[in-house]
Amino acid sequence: MTATHGTASPGAGSQHDVDLTIRLTEAPGAPEYSFRLVADDGGGPSAESTLPDPAAALEALRLHGGEIFFPQPGPPRLCTQQYGGPQVAVVTGRFRGRGVHSEFSRTDGCEIARWRAMAPLLGGTSGSTGAT
């Protein structure tokens, strides 16, 4: 799956610099887990955040958020044909004043790299490749 983005999303009226909801499914038919990350510009995560490691998620956003959520047009990417697992995560909300609707999966090498870059935001811990 690839990132998609739009102007309308949950949290659109939020005054926070980061207000994201993460919905994670580890396999088809498995229960869906929901997390939230809320933070103000320059500050740490707020008490409203429910991720296992919200500080690591904010660091992942600082390092990769713009390029992951709002990729620049360019030539098609060549991705290795490998399968990393059935996990799917959908991230919606606001990031630095922009609406976010981004889907993550582990269906090929490019998607696995996106997942690893944002693992703390997707419910994993810093340095993990999976969601738990």
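The values are calculated or read from the model by the stated rules, or taken from the named source; none is laboratory data. Just so you know, these numbers come straight off a predicted model, no measurement behind them. All Cβ positions, even for glycine, are placed from backbone atoms using ideal geometry, and neighbour counts span all protein chains on display.
Worth pointing out:
- Selected residue (criterion: nearest to Ala117 (Cα to Cα)) from residues of region 49-84 that are assigned to a loop (DSSP other than H, G, I, E, B) and of a type in the set (Gly, Ala, Ser): Gly84
- For region 13-52, a tally of residues being under 14 Å from Val91 (Cβ atoms) and acidic (Asp, Glu) returns 2.
- In region 48-94, residue surrounded by the fewest Cβ atoms within 10 Å (Cβ to Cβ) [restricted to those that are under 18 Å from Thr25 (Cβ atoms) and of a type in the set (A, V, I, L, M, F, W, C)]: Val90
- Residue check for Gly124: out of contact with any strand residue (DSSP E or B) (no Cβ under 7 Å at 6 or more places or on another chain), crowded, with 17+ Cβ neighbours inside 10 Å and modelled with pLDDT of 95 or more: no
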